[in-house]
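Remarks on the structure that follows.
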Amino acid sequence: MDRHALERLGHHIVSRRVALGYRNRTDFANSLQFTARTLSDIENGVRKASPGTYAMLENKLGWAPGSIDTVLGGGEPKELVVKLRPTAPTPRTHTYTAEAVSDDITDALSRASTEELLLELRRRIIRPRYRRQDWDDGDGLDASGGWPEEG
């Protein structure tokens, strides 16, 4: 891979990241579950990343699939419509009804990427495992998830 092409890609990534409201590389890396070092290497054109890493970047940057290959080939990325990262939370002023909450959830799910949904699902499944140690009421499963031996 041509180092100039990697540096050009890095420039496009930094420009888009900042345009989306991620001025801090670490925050953006965390949102992708990358290390800051990995993102730094990509943004500085130090190394080529895997196709999976590039796909996650394209998704987060709001680029059409294949945009990174296009940039590496000398073209421009194709930007999709993306909602910019909010700088401050928007206060809600309406009363919640079951229908409104359902609409809000449906709206949120339709805006979330598949990657974000899978990461949230993983977070919700894995975290409770670590809390099992706190569940010891003496009447159920032990901390490793098995039935305690009677003695």
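Before moving on, here are some points about what is shown:
- Enumerated helices (runs of 4 or more DSSP H) restricted to region 16-128, each holding at least 3 residues that are more than 30 Å from Arg3 (Cα to Cα) and at pLDDT below 90: 98-111
- Filtered residues of region 53-79 (kept if in contact with a strand residue (DSSP E or B) (Cβ under 7 Å, 6 or more places away or on another chain) and free of Cβ contacts under 8 Å to residues at least 24 places away in the same chain): Lys78
- Out of Leu80, Leu72, Leu20, one residue alone is in contact with a Gly (Cβ under 9 Å, 6 or more places away or on another chain) and open to solvent by 20 Å² or more (accessible area, probe 1.4 Å). It is Leu80.
- Some residue of region 2-13 being outside any helix (DSSP H, G or I), surrounded by 15 or more Cβ atoms within 10 Å (Cβ to Cβ) and at pLDDT 90 or above: no
The values are calculated or read from the model by the stated rules, or taken from the named source; none is laboratory data. No experiment lies behind these values; they were computed from the predicted model shown. Because the Cβ atoms are built from the backbone with ideal geometry, glycine has one as well, and the counts that use them run over all protein chains shown. In case anyone asks, the SASA skips ligands and DNA or RNA and just uses the protein heavy atoms, side chains included. Shrake-Rupley method; radii C 1.70, N 1.55, O 1.52, S 1.80 Å.
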